[in-house]
Every structure is written in structure tokens, then in C-alpha cells.
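The values are calculated or read from the model by the stated rules, or taken from the named source; none is laboratory data. Quick caveat: nothing in here was measured; it's all calculated off a predicted structure. Virtual Cβ from ideal backbone geometry, glycine too; neighbours counted across all protein chains shown. Side chains included, ligands, DNA and RNA excluded: accessible areas come from the protein's heavy atoms. Shrake-Rupley method; radii C 1.70, N 1.55, O 1.52, S 1.80 Å.
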Amino acid sequence: MSTFAFDGRVREVPGVAGYRVADHAELGSTNSAALAAAAEGDPGNLWIVAGRQTSGRGRRARPWVSEPGNLYTSLLTIDPVPPARIGQFPLIAALALADAVDTMTGSYGLVRLKWPNDLLVDGAKISGILLEATMLADGRRAVVCGFGLNLSHHPELPDYKAADLAGLGYQISPEQAFTALAASLARHMQRWREAPFSSCLDDWRSRAVGIGAPIRVRLENRELNGIFAGLDPEGRLVLETGDTRQTIAAGDVFFDGAALGTPAAGHTAG
């Protein structure tokens, strides 16, 4: 039986001080609902949960399959960090979700990370994370972080292998997943604000796949090939092509199968 109060009313997140949640049986998009709440003056630290999404979307407005049984949720934050640091948020979100999956499955180190924020188990993608930001009329910056976690089923993706936790032998309900994620993200957000970002990067690298391996990076209007040399101090991908290096803030990364199965602990960006 669901423990979510699927009535849209805002309540406190149990065990996570300072955060609220509104549970909905169905929404077009939890990100859109969070952005609408911001436009209406919500102070932030608001989670939106949906049992099902009818217009879920991924990066670059790709549709996201959102049938019941998986976790669909978004966190609204208001000015979470200075604007220059917002680009670090995808890595923080990925770390938080990875730690939550470890906690809920009891299998620590199960999840690896593919830059910037894809969670992989045995090379298969189990989640989607989408960040969106907008300036509000009163000068506040609303930043929404949306999470989709494959618990009981997964989409067939054209460019990636996908999986779900049930298929991997872990029976996790959306309620259990939300509880673990809400607690984990609150911890990581606090650490992000208070500790040097370098410590967060070290944790991200400890879960990374593909550092040191050949990669293909798909940008808006072109593709680049090179070696994944690591991350720069802001968490941007460092691509080595011949004698040159360049940093990439956003893009889709593709490895061969061997690279996806190789942990990258110990590698750093030069």
C-alpha cells in the first residue's frame, strides 16, 4: 500500500528537517510543477513527487518514459549556491542518488557514475537527472533538480543500455527510494555549501567510469573524439585530443563496453 499522500498537499519530509513534499498521483512533469511553484513564490526546498508523469522529459527535451512503479521526483531550490557554482549541481545530484541507491539496496559500491550524472550498474543506465533553472520576477534564481530512478521497469533507449533495480534483484518501492534520496540529497547539499568542492569531486571520481579511456562527446551541433582525461576543478569534463586539452561543460558521453566496466578511482584531471 502506498504511503504517499497523493493529494498534492504540502507536508514536511519525515526525518529531513527544512524540506517539504507534495505528492501527486499524476503530473505532466515534476520539474514543470516545481518551476510553477517557484513562480508562485514558493521559498524552495520543496520536493514534488508523481506516481506517473504524462510529459516527462530528459536532457535536450527528450521524452522520458514515466509509467507507475518507478520514482519520479524533483526538488525545487532557490539560490542554492552562488551562480558561478550552479554547474557543479549535476555532480552533487548524481553522488546523492548513488549513495541513496547503495543505502536502499544494501549493496555499497553498486553504482558507478558516467559524466556528468548518469548512474550505471554493470554498464546499464538506471536513472535520469535533469536540472533546469530560471530567474524569477523578484530576482531569485529557481533551480530544479529532477530525478527518475528505474525501480520496476526501464525504457529501451536508442543510445544506451538500460536496466531497473527489480531486474537486478532489488525490490524497492518508490516510497523507500524517495526516503533514501531526500535524506541523501539534504546531506550532500549541506556538504556542498560548507566544504570544499574538491572533496565532492574526489567522491565522484571514486565512482567514475571511463577516465583515461577513449570517448565520444556529442554536443549540440557536433561530436568530438578523444581521451577522457578527467575533471577540472569545477567538475567539467577534460577531453584530450592529440596535444590539446579542452573542457566541456555539457554533452552526451559515449564509451565502448570495456570502459563502462572499468572503475576509475585514482584518476585525476591534469
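Whole-percent P(r), the stretch 77-134, all Cα pairs, 5 Å bins from 0: 4, 18, 27, 21, 13, 10, 6, 1. Kirkwood analysis of the Cα pair distances in the chain returns a hydrodynamic radius of 18.8 Å.
When peptides 197-209, 14-26 are ranked by their average number of other Cβ atoms within 10 Å per residue, the highest-first order is 197-209, 14-26. Just so you know, the Cα atoms of the stretch 28-176 work out to an Rg and Dmax of 15.2, 48 Å. Magnitude of the charge dipole for the chain, about its Cα centre and with charges confined to Cβ atoms of Lys, Arg (+1) and Asp, Glu (-1), is about 240 debye.
The residues of the stretch 101-169 have, on average, 38 Å² of accessible surface per residue, using a 1.4 Å probe with all protein chains present. For the stretch 197-247, the alpha carbon convex hull comes to 84 Å³ per residue, rounded to a whole number.
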